[in-house]
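Everything on this sheet refers to the single structure shown next.
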Ligand SMILES: NC(=O)C1=CN([C@@H]2O[C@H](COP(=O)(O)OP(=O)(O)OC[C@H]3O[C@@H](n4cnc5c(N)ncnc54)[C@H](O)[C@@H]3O)[C@@H](O)[C@H]2O)[C@@H](O)CC1
Ligand SMILES: [K+]
């Protein structure tokens with residue numbers, strides 16, 4: 001079974017019973033397996049006879065939790081149940097199993113000191129959360145989040161939306177989450193990383209049947225896959241015959257990357273993109289910038305070839321890949337930036353030159369009427385949520401509330417490869433399933449890291465399809481961020497990533 005596939009919540013909810021039936025199981029047996037998987041995890045993280053508090057909500061997530069209490073008790077844990085009235089038929093049966101074992105139940109409306117317990121099992125709400133958390137649910141989640149007691153969440157931290165990864169007002173911050181059957185996007189993107197803790201997939205032995213019956217939304221960008229993508233080069237045409245013609249054309253070169261940006265006061269963005277391209281292994285990097293930025297860029301990094309756009313236009317003819325946007329400048333009266341943008345886009349579209357559009361490159365795209373222009377299929381757009389909002393004409397919050405929908409819309413509108421940045425970065429392209437990157441660090445949320453990513457993508461575009469290059473670059477950048485953060489997340493800056501990019505390019509498992 002490919003344990004990296006991601007399915008929408010709707011697919012999981014509508015398909016899990018059919019998969020169980022194909023394996024000769026009914027819904028109650030599936031629930032019992034879910035509970036057993038959670039008890040196994042408990043046994044790893046807090047051996048019996050620990051004191052555990054089991055919180056049971058009204059639906060089947062609560063049903064799982066009632067069975068957890070029962071099995072935990074059988075495994076010699078001291079289990080205490082706090083429960084809402086079970087509403088679903090399965091939850092009622094699971095609650096009955098606890099009563100038959102003479103288990104005591106405390107009503108959710110009561111208060112209890114959680115400090116008496118070693119661990120909490122959170123079965124309040126699962127993938128059926130349908131509204132903002134309030135009342136006793138809110139109170140319990142606040143209590144858990146304020147206490148230091150570790151929490152194991154069943155399926156998904158209660159209150160987290162299992163598609164968007166956004167809390168519905170409030171969500172449990174778990175130490176561990178055991179999710180059932182298959183990965184859901186809400187565990188992997190948006191705010192998920194702040195809530196899910198360590199993730200475990202329990203496929204309940206129906207995962208294979210489920211995968212055979214359902215189509216996936218995407219897959220996790222695993223280390224293995226990323227390392228393989230990083231190794232694929234033009235010399236590998238036998239492995240990737242689809243790229244043979246492009247590979248032959250450029251054989252023997254590591255590519256000439258042309259970066260266009262660096263407006264007045266924004267030379268740094270072009271420098272960082274250029275340095276990242278060099279450290280990712282580009283053979284030659286040119287920067288075309290505003291005349292005022294030329295000297296500082298050239299002095300900062302002598303390996304960069306620097307010209308003003310007017311002087312260096314001919315560089316476009318030599319470009320293997322173009323990166324347009326870092327520090328370009330964006331304001332209605334900035335006609336130099338706008339003209340440059342138009343000329344570069346036209347060149348790349350006409351010649352089918354691979355293009356990365358970032359920062360002001362995206363702002364000009366949002367400003368243009370994109371319906372009247374087409375980008376080449378070799379284009380990668382790298383919006384952060386605010387830029388994505390500008391491109392789609394909606395708010396940043398709307399993007400974050402449904403990142404999967406947002407990237408799908410961007411792919412459709414621009415027929416390009418899209419990197420939707422932010423925690424749980426998504427990568428997608430037309431007719432391809434999405435990549436979910438779980439790696440990364442909040443240390444990457446600082447100025448300039450986007451410019452670095454642009455430089456990496458541009459370099460990796462040499463010899464890879466746009467989606468492969470974007471996925472490999474996102475992973476590399478995220479890993480570099482993680483490693484940089486080992487010296488302290490606070491104070492990590494974009495240029496700290498540069499030596500790590502070099503290390504990772506030479507040894508991805510560094
Ligand atoms: N159906 C199956 O065969 C399986 C289901 N499983 C479990 O079932 C869960 C899904 O069960 P359900 O569909 O019953 O959904 P949930 O258990 O997530 O909750 C649904 C219930 O909660 C209420 N609710 C929704 N939002 C609320 C809020 N904000 N505040 C208070 N109450 C709220 C709903 O009115 C409904 O009564 C999964 O997450 C998983 O844990 C697993 O046992 C695997 C097998
Ligand atoms: K839960």
Kindly indicate whether any position in segment 188-203 is assigned to a helix (DSSP H, G or I), touching a helix residue (DSSP H, G or I) at 6+ places or on another chain (Cβ under 8 Å) and either in the same structural domain as residue 65 (by TED's automatic domain parsing) or surrounded by fewer than 24 Cβ atoms within 10 Å (Cβ to Cβ) (or both).
yes
Quick one: which of 172, 133 is within 11 Å of ligand 2 (Cβ to nearest atom) and either buried (at least 23 other Cβ atoms within 10 Å of the Cβ) or outside the structural domain of residue 56 (by TED's automatic domain parsing) (or both)?
172
Taking segment 14-28 and the residues there that are more than 9 Å from ligand 1 (Cβ to nearest atom) and part of a helix (DSSP H, G or I), the one that is nearest to residue 204 (Cα to Cα) would be 19
Does segment 153-169 contain any residue that is more than 9 Å from ligand 2 (Cβ to nearest atom), touching a strand residue (DSSP E or B) at 6+ places or on another chain (Cβ under 8 Å) and within 23 Å of residue 32 (Cβ to Cβ)?
no
Looking at segment 288-312 only, could you name the residues that are more than 23 Å from residue 460 (Cα to Cα) and assigned to a loop (DSSP other than H, G, I, E, B)?
290
When you look at residue 350, is it in the same structural domain as residue 287 (by TED's automatic domain parsing), free of Cβ contacts under 8 Å to residues at least 24 places away in the same chain, outside any loop (DSSP other than H, G, I, E, B) and under 23 Å from the mean Cα position of the chain (by Cα), yes or no?
no
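The values are calculated or read from the model by the stated rules, or taken from the named source; none is laboratory data. This is a predicted model, so every value here is computed, not measured. So basically every Cβ, Gly included, is an ideal-geometry build from the backbone, and we count neighbours across all protein chains shown.
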